[in-house]
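The values are calculated or read from the model by the stated rules, or taken from the named source; none is laboratory data. All values derive from a computational prediction rather than experimental measurement. Every residue, glycine among them, receives a Cβ derived from its backbone with ideal geometry; neighbour counts consider all protein chains shown.
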Amino acid sequence: MIRMTNEQLCALAQAGDTTARDMLLVNSQDFIRKIAKTILSQYQDGRVSEDDLVQEGCFGLLEAIPRYKPDKGTAFHTYAKYWVRKFMWEAVNIFAAPVEIGSLSDIVGSEDNTELIQLIADPYTETPEQIVIRSETIEDVRMGLRQITARERTYLLYRYGFTDGDEHPVPETAAHFHLTKKRAKKTERAALDNLRSKLPL
């Protein structure tokens, strides 16, 4: 069997090959862990583990895949290093602090009875009339998504169906991002709390 390069796997992943994407993630584990060790050597707080950073690094690698341009002549890992480090440092800054636990049924705004989980959904499944009625609220959510971190945005867009039109349950989302279910739930709670803070009252 011919062993494919990371660049070849990335090209297939960009074309929608999920097997190639998963192989690229597996091939990159040592690369990601090495970066995690370097960051931990600079950050001595102790509330973020090496495994935590490796999981966040997987987010960064997934973010790098669609952005990578092989015609630039840069090796995939050389390019991906920026995104892996970015997501890891965001994890240090966000998850090192205690997370305020939120709830999917929390109400957005004092005069709006729409639940947050109803807002983070694909508006294209609604009728034109419904879209007009809720367009202002939907736009608020989309504006909020642009203001949260790249890691949080990537998670929520996949979790609630912005990327493919299908909402994905937590176990499936955790598997997609190579996270434990516990880490996925913590990521979601922090992301939703941050998103809520960006929405108008």
**Item:** Yes/no for LEU53 being surrounded by 18 or more Cβ atoms within 10 Å (Cβ to Cβ), in a helix (DSSP H, G or I) and out of contact with any Lys or Arg (no Cβ under 9 Å at 6 or more places or on another chain)
**Value:** no
**Request:** Give THR163, THR154, THR187, THR137 a once-over and let me know the one that is closer than 30 Å to GLN29 by Cβ and either modelled with pLDDT under 80 or part of a loop (DSSP other than H, G, I, E, B) (or both).
**Result:** THR163
**Request:** Return the pairs, sorted by first residue and then second, in which the second residue is at pLDDT 90 or above, the first residue lies in segment 184-199 and is more than 14 Å from ALA174 (Cβ to Cβ), the beta carbons are less than 6 Å apart, and the residues are 6+ apart or on different chains.
**Result:** none
**Request:** Please find, within segment 64-92, the residue that is modelled with the highest pLDDT out of those that are loosely packed, with under 13 Cβ neighbours inside 10 Å and outside any helix (DSSP H, G or I).
**Result:** LYS69
